[in-house]
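Peer 1: Quick one: structure below, then a few questions.
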Amino acid sequence: MSIDSSPSAASTGEASRPPQPQALVDLRQLVSEIPDFPKPGILFRDLTPLMRDRDVWQEVIRRLAVQSEPLQPDLIVGIESRGFIVGMALSMAMGLGFVPIRKPGKLPGPLHRVDYELEYGSDRLEIQRHAFVTITPSASIIDEGRVLTTTVSTTAIAPGTTLYYELSGKGIDAADFASGTLTGQETVGSDGSLRLSHTIANDERSEGPEVLEIRIFADSDHRLQLGDTAYVTINDTSTTPGCSGKRVLVIDDLLATGGTAAAAGELVTLAGGNLCGFGFVIELAELGGRGKLPAGVPVESLIVYS
């Protein structure tokens, strides 16, 4: 086992020195260029020298925050893996939440998936369905004759957006409800949520317990589901006694051919987010990545190689 006998950061005062102003630093000069990585013919731009210097990295994030502020994001989405480093630092600096977009097999639960082509192969990205929408019934078990209120909370859907709901389940039909419909639409309120109200019918049919399934969709055809399905057990009292869209900014370290970023933007939309922009530390303009991103969505880059 080797022992590092060099002076510690604490003894040299490195850890305690205050951040130094870096507003005039040329970030481009600190980016390393690695030829033939990860494949022959690829010139890799390495950001780790910027990250290694505390003051320089703080300046990188400060500049990203200044560029991103006019986009008024409510959430930061980071693309695996270096997008996590940049996105998390930016979300902390701006006081915003963070949502990860990951490679296959890394996220639990129901997912949205997008396959895409990149400059040296193909890949897939995934985001959790409930990243921006949560469905919360007022009860997980409810008796006939009671009112069921369902709150749909969104964290990336603009107020005024119309969402569509569907209530279903084995044996569930319109006769199970004294008020409220099996399908319909509601508008997201200014607080980013909407509420559904259904009175469970107190009928004389002896059906036993039934499981009600509640789903929210972004489209009237009920093809694009948002969030996880919520489940509520309805007690049959004839035999049994009674007992949130906000604006999303996609962040990554590098914009090259645009395939990864475009797939991430598509995932944000699939999950019900309001895509407000893209932000990158480096852009390789000669590869035309901007052209693959959604038209009209702002793109901000700190360092542009043309």
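The values are calculated or read from the model by the stated rules, or taken from the named source; none is laboratory data. The shown structure was predicted, so the numbers you read here are calculated from the model rather than taken from an experiment. Cβ coordinates were reconstructed from backbone atoms using ideal geometry, including for glycine residues, and neighbour counts include every protein chain displayed.
Peer 1: Do we have E300 as charged (D, E, K, R), under 30 Å from D26 (Cα atoms), modelled with pLDDT of 90 or more and assigned to a strand (DSSP E or B) here? Break it down into steps so the answer makes sense when it comes.
Peer 2: On the way: charged (D, E, K, R): yes; under 30 Å from D26 (Cα atoms): yes; modelled with pLDDT of 90 or more: yes; assigned to a strand (DSSP E or B): yes.
Spelling it out, E300 is indeed charged (D, E, K, R), under 30 Å from D26 (Cα atoms), modelled with pLDDT of 90 or more and assigned to a strand (DSSP E or B).
Peer 1: Related question: Test of understanding: among T269, T237, T229, which residue is polar (S, T, N, Q) and modelled with pLDDT of 90 or more?
Peer 2: Being polar (S, T, N, Q) and modelled with pLDDT of 90 or more holds for just one of T269, T237, T229, which is T229.
Peer 1: Looking only at region 26-43, filter to residues that are part of a loop (DSSP other than H, G, I, E, B) and either in contact with a helix residue (DSSP H, G or I) (Cβ under 9 Å, 6 or more places away or on another chain) or under 23 Å from E59 (Cα atoms) (or both); which one of those is modelled with the lowest pLDDT?
Peer 2: Here the residue is D26.
Peer 1: Take region 272-296 and flag every residue that is within 19 Å of the chain's Cα centre (by Cα), modelled with pLDDT of 95 or more and aliphatic (A, V, I, L, M).
Peer 2: Correct list: L293 only.
Peer 1: Under the condition of being of a type in the set (D, E) and in contact with a Leu (Cβ under 8 Å, 6 or more places away or on another chain), which residue from region 134-175 is farthest from P110 (Cα to Cα)?
Peer 2: Kept after step one, since they are of a type in the set (D, E), are these residues of region 134-175: 143-144, 166, 173.
With in contact with a Leu (Cβ under 8 Å, 6 or more places away or on another chain) added as a condition, the list becomes 166, 173.
Details: E166: 18, D173: 26 Å.
Selected residue: D173.
Peer 1: Of a type in the set (V, I, T), within 23 Å of A131 (Cα to Cα) and at pLDDT 90 or above: which single residue out of I76, I61 fits that description?
Peer 2: Working: I61 fails: within 23 Å of A131 (Cα to Cα).
Checking each option against the conditions leaves just I76.
Peer 1: Can you find a residue in region 198-205 that is among the acidic types (D, E), in the same structural domain as D221 (by TED's automatic domain parsing) and part of a strand (DSSP E or B)? Before the answer, list the steps.
Peer 2: In the first step, residues of region 198-205 are kept if they are among the acidic types (D, E); the result is 203-204.
Retained after the next criterion (residues that are in the same structural domain as D221 (by TED's automatic domain parsing)): 203-204.
Checking which are part of a strand (DSSP E or B) leaves us with none.
Scanning region 198-205 turns up no residue that is among the acidic types (D, E), in the same structural domain as D221 (by TED's automatic domain parsing) and part of a strand (DSSP E or B).
Peer 1: Select, from V56, V60, V77, V86, the only residue that is under 20 Å from A271 (Cα atoms) and not small (G, A, S).
Peer 2: Details: V56 fails: under 20 Å from A271 (Cα atoms); V60 fails: under 20 Å from A271 (Cα atoms); V86 fails: under 20 Å from A271 (Cα atoms).
Checking each option against the conditions leaves just V77.
Peer 1: Something else: Check off (1) modelled with pLDDT of 90 or more; (2) out of contact with any Lys or Arg (no Cβ under 9 Å at 6 or more places or on another chain); (3) closer than 24 Å to P70 by Cα for G258 and give me the number that stays unchecked.
Peer 2: Among (1) modelled with pLDDT of 90 or more; (2) out of contact with any Lys or Arg (no Cβ under 9 Å at 6 or more places or on another chain); (3) closer than 24 Å to P70 by Cα, the lone unmet condition for G258 is (2).
Peer 1: Let me ask you something else. Name the pairs whose Cβ atoms lie under 8 Å apart, with the first residue in region 257-279 and over 21 Å from A158 (Cα atoms), the second β-branched (V, I, T) and outside any strand (DSSP E or B), and 6 or more positions between them or separate chains?
Peer 2: Sorted first by the residue in region 257-279, then by its partner, the list stays empty.
Peer 1: If a residue counts only when it is surrounded by fewer than 20 Cβ atoms within 10 Å (Cβ to Cβ), which strands (runs of 3 or more DSSP E) contained entirely in region 50-167 have at least 1 such residues?
Peer 2: Details: elements: 75-79, 97-101, 111-118, 121-128, 133-137, 141-143, 147-154.
Answer list for region 50-167: 97-101, 111-118, 121-128, 133-137, 141-143, 147-154.
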